[in-house]
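Worksheet: the structure to be examined is printed underneath.
The values are calculated or read from the model by the stated rules, or taken from the named source; none is laboratory data. Since we're looking at a predicted model, the values are computed, not measured. Using ideal geometry, Cβ is built from the backbone for each residue, glycine included, and neighbour counts are taken over all protein chains shown. These accessible areas exclude ligands, DNA and RNA; they are computed on the full protein's heavy atoms, side chains included. Shrake-Rupley method; radii C 1.70, N 1.55, O 1.52, S 1.80 Å.
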Amino acid sequence: MGDVTTRTATARTRLSKEERRSQLLDLGVRLLSTRSLDELIIDLLAEEAGISRGLLYHYFGNKHDFHEAVVRRAADDLIAQTAPPVEGEPLHRLLVSMTAYVDYVDANEPGYRSLVKAASGANDTLREIYDEARAALTDRIFREDAQGTLITETPHSRLLVRGWAAMAEELVLGWKADPQGITRDQLLEVLVASLPALVAVLPAERSAD
């Protein structure tokens with residue numbers, strides 16, 4: 001009777017393939033926070049998960065599929081963790097979002113650097129994931145609500161925000177590599193204040209007429 005109960009409990013807790021794959025992706029993202037993408041090998045994940053290498057290939061067809069799936073999960077986490085609050089002044093929302101961004105890069109530097117590096121490489125899928133994540137982060141700048149918006153969306157402003165986002169990424173990664181006496185709060189002040197300053201020098205849009 002005890003054996004039957006044990007088997008029944010095991011059956012009830014048995015995960016589907018997708019649920020197990022999701023767990024493995026979560027583990028992959030955690031491992032990526034402390035190592036580069038090149039260091040994230042199938043054998044390492046299999047060892048950490050306590051499963052065989054062959055079984056891991058059951059969930060991910062090959063190393064490239066595994067890397068792409070982990071990077072996509074990491075990018076989704078970045079987008080979710082840096083979501084600004086729904087309400088509040090535009091500058092406050094930007095500060096909250098950039099604070100979360102700095103914290104994310106601080107906690108996941110090796111993996112984040114790998115994503116940035118992969119975006120300039122030959123892997124079209126990784127570059128696409130990076131571009132999608134960057135677009136999701138910059139599109140938030142133009143969100144308008146009852147409190148207004150920090151910047152009106154125009155062709156000029158979209159170009160400016162893309163450039164600011166690239167600058168922000170370089171500043172944060174540079175700060176992580178060599179703080180040079182710059183505190184986290186000072187870094188955030190530069191990141192947040194620089195966007196309105198750039199907006200102030202935007203040229204006037206010419207009418208299509």
What number of residues in the stretch 153-173 are surrounded by 16 or more Cβ atoms within 10 Å (Cβ to Cβ) and either of a type in the set (Val, Ile, Thr) or assigned to a loop (DSSP other than H, G, I, E, B) (or both)? 2
Select from the stretch 86-108 the residues that are of a type outside the set (A, V, I, L, M, F, W, C) and open to solvent by 40 Å² or more (accessible area, probe 1.4 Å) and write down the one among them that is modelled with the highest pLDDT. ASP103
Inside the stretch 111-152, can you point out the residues that are in a helix (DSSP H, G or I), among the aliphatic types (A, V, I, L, M) and more than 21 Å from SER33 (Cβ to Cβ)? ALA135, ILE141
Those residues of the stretch 144-172 which are within 25 Å of VAL201 (Cβ to Cβ) and of a type in the set (A, V, I, L, M, F, W, C) amount to LEU150, ILE151, LEU159, LEU160, VAL161, TRP164, ALA165, ALA166, MET167, ALA168, LEU171, VAL172
Quickly run through the stretch 25-47 and pick out the residues that are of a type in the set (A, V, I, L, M), over 17 Å from ALA107 (Cα atoms) and open to solvent by 20 Å² or more (accessible area, probe 1.4 Å). ILE41, LEU44
Residue check for GLY111: in contact with a Ser or Thr (Cβ under 6 Å, 6 or more places away or on another chain) and crowded, with 18+ Cβ neighbours inside 10 Å: yes
Provide a single number: the residues in the stretch 154-198 that are farther than 16 Å from VAL102 by Cα and of a type in the set (Ser, Thr, Tyr). 2
Here's a check for you: in the stretch 73-85, which residue that is open to solvent by 20 Å² or more (accessible area, probe 1.4 Å) and part of a helix (DSSP H, G or I) is nearest to VAL29 (Cα to Cα)? ARG73
What about GLU144, is it touching a helix residue (DSSP H, G or I) at 6+ places or on another chain (Cβ under 6 Å), modelled with pLDDT under 95 and charged (D, E, K, R)? no
Out of the stretch 124-152, which residues are over 17 Å from the mean Cα position of the chain (by Cα) and surrounded by 16 or more Cβ atoms within 10 Å (Cβ to Cβ)? LEU150, ILE151
What pairs can you find where one residue is in the stretch 53-77 and without any contact (Cβ under 8 Å) to a residue 60 or more places away in the chain and hydroxyl-bearing (Ser, Thr, Tyr), the other is in a helix (DSSP H, G or I) and crowded, with 18+ Cβ neighbours inside 10 Å, and their Cβ atoms are less than 8 Å apart, with a gap of 6+ or different chains? TYR59/LEU24
Give the residues of the stretch 174-192 that are within 23 Å of ARG93 (Cβ to Cβ) and open to solvent by 70 Å² or more (accessible area, probe 1.4 Å), sorted by residue number. ARG184, ASP185, GLN186, GLU189, VAL190
Residue under evaluation GLY50, criteria (1) free of Cβ contacts under 8 Å to residues at least 12 places away in the same chain; (2) open to solvent by 70 Å² or more (accessible area, probe 1.4 Å); (3) of a type outside the set (S, T, N, Q), criterion not met: (2)
